Amino acid sequence: MAIPVTPNKKIRVMVVDDSMVARSMIIRGLSAHPRIEVVGFAINTLDARAKIPQYKPDVVTMDVEMPGQSGIDFLKQYLPANPIPVILVSSLNLKVFDALAVGAVDFVRKPEDPQSTESFIAALAQKVIIASNARPRPTPVVSASSALAAGKPPNLGANPALDHVIIGLGASTGGTEATLAVMKYLPADIPPMVIVQHMPPGFTKMYAERLNRLCAMEVKEAQSGDELRRGLALIAPADLQCRVVRIGNRYTVNCTPGEKVSGHRPSVDAMFQSMADVVTCKMVGIIMTGMGQDGAVGLLAMRKKGAYTIGQDKESSVVYGMPGVAQNIGAVMIQASCDNISTVLLRHLKTLS
């Protein structure tokens, strides 16, 4: 478990990247941050294995694709016995999700041009600060074949009440795998779900496609006008606000540019608040691991409108920020571990009539 870094102590960071250009950019950028000290670097995973005990970093940044052993294989072997927070630094690459599945805390997309270097460093520094207080949870990779071998969850059946339920779920740091841990145990005929996961542009579509392969329900990246229906889960697209809209007795989503809400776009608060404002049928709100407080106020608004609300507990959260704030302000009706949220949700749905 990571030892929390005190505010007055600089966060010790080690940079692992085979590219000298990328290493220099990251080291120079992070070193300029007043809360961060770059204590060393490694040119590949073999080098990292030798130097991590030597430098004792609080956080490691790591490229995914490197000559020799990949970052993913390194994390599989190293993290179970040495659970240090790792931030992935990657191009637009589906393998990021495999690395997150074996215990990396978060990721940031490498800049594609020099003009975006400043925003990249700002995002990476923020994620380093968050990761310094994270609790890595190394887990085995969930492959499509292993998910299918485990069998699909049984359907909920033709209960007409479930045709009039909408589920909202929000997560941030640590949420890609936490959300999968919930959804892989939900049936193909689950009531419609709208999911906000803080993620850089380009990755939400790949994330939706990954969940679609691993889960029983259909999962897709949301587009404006998509109708909410049983068996469909919509992932809010990166850099757009995703809100639920009522049209008569139908519900759709609206995905548009706009101001950040609670510091994010997409924002869990924006999505939850839209549900509180327009949904007249039964609702469920779920808030999971993540830094900050996005989603807490929106979840409280949902609860005040009669929604059933679930929060991830502290012990299973990579970062107990969002669910912790929601719990503290009274937005959460029941807390559950990441592995038990699906059971709590299905138990509630079976009581509806």
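Numbers for the structure displayed
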item: Residue among Thr204, Thr179 that alone is within 26 Å of Thr351 (Cα to Cα), of a type in the set (S, T, N, Q) and crowded, with 20+ Cβ neighbours inside 10 Å; result: Thr179
item: Filter pass, Ala81 being modelled with pLDDT of 85 or more and within 14 Å of Val13 (Cβ to Cβ); result: no
item: Neighbours by Cβ (under 6 Å, 6+ apart or cross-chain): first from the stretch 66-91, more than 25 Å from Phe120 (Cα to Cα); second of a type in the set (Val, Ile, Thr) and assigned to a loop (DSSP other than H, G, I, E, B); result: Lys76/Val102
item: Subset of the stretch 33-65 [without any contact (Cβ under 8 Å) to a residue 60 or more places away in the chain and part of a loop (DSSP other than H, G, I, E, B)]; result: Pro34, Ile43, Asn44, Lys56, Pro57, Val64, Glu65
item: Flag for Ser316 being closer than 21 Å to Gly175 by Cα, polar (S, T, N, Q), out of contact with any Lys or Arg (no Cβ under 7 Å at 6 or more places or on another chain) and modelled with pLDDT under 95; result: yes
item: Matching residues, the stretch 286-299, being touching a Gly at 6+ places or on another chain (Cβ under 8 Å) and either surrounded by fewer than 23 Cβ atoms within 10 Å (Cβ to Cβ) or under 25 Å from Pro136 (Cα atoms) (or both); result: Ile286, Ile287, Met288, Thr289, Gly290, Met291, Gly292, Gln293, Asp294, Gly295
item: Check on Val89, under 28 Å from Asp113 (Cβ atoms), at pLDDT 95 or above and either in a strand (DSSP E or B) or assigned by TED's automatic domain parsing to the domain that holds Ala208 (or both); result: no
item: From the options Val64, Val39, Val16, Val59, residue that is in contact with a helix residue (DSSP H, G or I) (Cβ under 9 Å, 6 or more places away or on another chain), more than 17 Å from Ala99 (Cβ to Cβ), β-branched (Val, Ile, Thr) and in the same structural domain as Ala122 (by TED's automatic domain parsing); result: Val39
item: Of the criteria (1) over 18 Å from the mean Cα position of the chain (by Cα); (2) closer than 17 Å to Gln223 by Cβ, which one Met275 fails; result: (2)
item: Residues located in the stretch 92-126, provided they are under 18 Å from Leu211 (Cα atoms) and either assigned to a helix (DSSP H, G or I) or at pLDDT below 85 (or both); result: Leu92, Asn93, Leu94, Lys95, Val96, Phe97, Asp98, Ala99, Leu100, Ala101, Val102, Gly103
item: Output for the stretch 222-251, where each listed residue is hydrophobic (A, V, I, L, M, F, W, C) and either without any contact (Cβ under 8 Å) to a residue 12 or more places away in the chain or over 24 Å from Ser172 (Cα atoms) (or both); result: Ile247
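Let's see how each residue does on (1) closer than 26 Å to Ala158 by Cα; (2) touching a strand residue (DSSP E or B) at 6+ places or on another chain (Cβ under 8 Å); (3) not small (Gly, Ala, Ser):
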| site | (1), (2), (3) |
| --- | --- |
| Asp294 | no, yes, yes |
| Gln312 | no, yes, yes |
| Val325 | no, no, yes |
| Gly330 | no, no, no |
| Leu352 | yes, yes, yes |
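Each row is one residue, and each column tells you yes or no for (1) closer than 24 Å to Thr280 by Cα; (2) assigned to a loop (DSSP other than H, G, I, E, B).
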{"position": "Thr176", "(1), (2)": "no, no"}
{"position": "Ala181", "(1), (2)": "no, no"}
{"position": "Val194", "(1), (2)": "yes, no"}
{"position": "Tyr207", "(1), (2)": "no, no"}
{"position": "Asn212", "(1), (2)": "no, no"}
{"position": "Gly225", "(1), (2)": "yes, yes"}
{"position": "Ala238", "(1), (2)": "no, yes"}
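The values are calculated or read from the model by the stated rules, or taken from the named source; none is laboratory data. Everything numeric in this text was worked out from a predicted model, so none of it was measured. Cβ coordinates were reconstructed from backbone atoms using ideal geometry, including for glycine residues, and neighbour counts include every protein chain displayed.
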